[in-house]
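Engineer: Quick one: structure below, then a few questions.
Only the coordinates and a few stated rules stand behind these numbers; no lab work does. Keep in mind the model is a prediction, meaning the values are calculated, not measured. Counting neighbours? That spans all protein chains shown, and the Cβs are built from the backbone with ideal geometry, glycine included.
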Amino acid sequence: MQTHKPMSLIAMLSRAGSFTVGMALLAAACSSNAMAGCGSYDPSSHSLYSQNSAFAGTQETPADDQHAGGSHSIVGMWKLTFTATDGSGYSDFGYSQWHSDGTEFLNSGSRAPSTQNYCLGVWEQTGKSSYKLNHFALSYDAVSGDLNGKVRITENVSLGVGGDTYSGTFLIQVFDPTGTTEEVHFAGKISATRVTVDTSTP
């Protein structure tokens with residue numbers, strides 16, 4: 001079966017409302033057309049993703065990584081990007097909020113709202129400046145509105161020096177609508193910049 005690379009972010013955004021593209025992807029997949037988490041995923045590209053992709057945690061950053069509040073905390077709002085390192089071409093961008101109660105909220109920029117572009121997670125601190133996130137998402141068909149997949153995103157990240165950036169690794173696992181069968185997974189790097197009340201560019 002012929003494979004296709006996942007669409008770029010620009011292509012994904014420009015074609016998000018296209019019924020023709022959605023139907024073409026569905027026909028090519030001949031299976032679940034779930035998007036990857038809160039990011040774009042071309043279901044016809046299963047062969048591009050290694051089922052044995054390595055997912056390693058990040059190294060902790062230096063000890064003086066304090067943000068403006070003087071504490072070592074990831075709590076706050078972040079502008080972030082996902083970039084695959086497994087050859088899949090996957091990428092995403094958006095905004096994330098890490099809350100003091102250990103919950104997290106992500107708004108994906110590469111997904112159409114009709115497919116679900118908000119998702120939720122929980123986190124814990126694993127070191128002085130390092131954090132682990134366990135995040136779940138639902139994916140829906142833009143045309144029928146049917147649930148077409150469940151997704152797990154895990155991240156291991158560390159605050160940078162100064163506390164206004166973080167970086168690390170992510171693993172995205174795409175499951176069928178029952179959440180019992182993994183259809184594909186891929187991995188890469190994540191980077192983020194803190195959003196403050198003085199941030200002037202989106």
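Engineer: Net charge near D176: determine it from the other residues with C-beta under 15 Å of the C-beta of D176, scoring Lys and Arg +1 and Asp and Glu -1. Could you put the intermediate results ahead of the total?
Structural biologist: Details: positive: K150, R152; negative: D141, D146, E182, E183.
Taking every other residue near D176 into account, the sum is -2.
Engineer: For a quick protection proxy, order the peptides 75-86, 162-173, 177-188 by their average other-Cβ count within 10 Å, most packed first.
Structural biologist: Values: 75-86: 18.2, 162-173: 20.2, 177-188: 16.7.
Ranking the peptides 75-86, 162-173, 177-188 by packing returns 162-173, 75-86, 177-188.
Engineer: Still on this structure, I have one more. Hey, how much of the P(r) for region 139-180 falls beyond 14 Å, as a percent of Cα pairs?
Structural biologist: On the way: 528 of 861 pairs.
The share of Cα pairs beyond 14 Å in region 139-180 comes to 61 percent.
Engineer: Would you pull out the residues with amide H under 5 Å of N148's amide H, same chain only if 5 or more places away, H placed 1.01 Å from N?
Structural biologist: Under 5 Å from the amide H of N148: S139, Y140, D141.
Engineer: Output wanted: per-residue J couplings in Hz (rounded whole) for region 182-199, from phi through Karplus 6.51 cos²θ - 1.76 cosθ + 1.60, θ = phi - 60°, x for Gly and Pro.
Structural biologist: 6, 9, 6, 8, 8, 9, x, 10, 10, 9, 8, 10, 5, 9, 10, 5, 9, 5
Engineer: Can you give the charge dipole size of region 131-181 about its Cα centre, rounded to the nearest 20 debye, using +1 on the beta carbon of Lys and Arg and -1 on the beta carbon of Asp and Glu? Could the numbers behind the result be given before it?
Structural biologist: Details: 3 positive and 5 negative charges, 37 e Å.
Dipole of region 131-181, to the nearest 20 debye: 180 debye.
Engineer: Turning to a different aspect of this structure: Show the residues, 5+ positions off or on another chain, whose built amide H is closer than 5 Å to the amide H of V195.
Structural biologist: HN-HN under 5 Å from V195: M77, W78, K79.
Engineer: Can you tell me the equivalent ellipsoid semi-axes for region 70-110? Use √(5λ) from the Cα gyration tensor, largest first, whole Å. Intermediate values should be presented prior to the final figure.
Structural biologist: Numbers: eigenvalues 120, 27, 14 Å².
Semi-axes (√(5λ), whole Å): 24, 12, 8.
Engineer: Shifting gears a bit: Order 118-128, 149-159 from most to least packed using the mean count of other Cβ atoms within 10 Å. Display every interim value, and only then the final one.
Structural biologist: Working: 118-128: 15.3, 149-159: 23.0.
Listed from highest to lowest mean packing, they are 149-159, 118-128.
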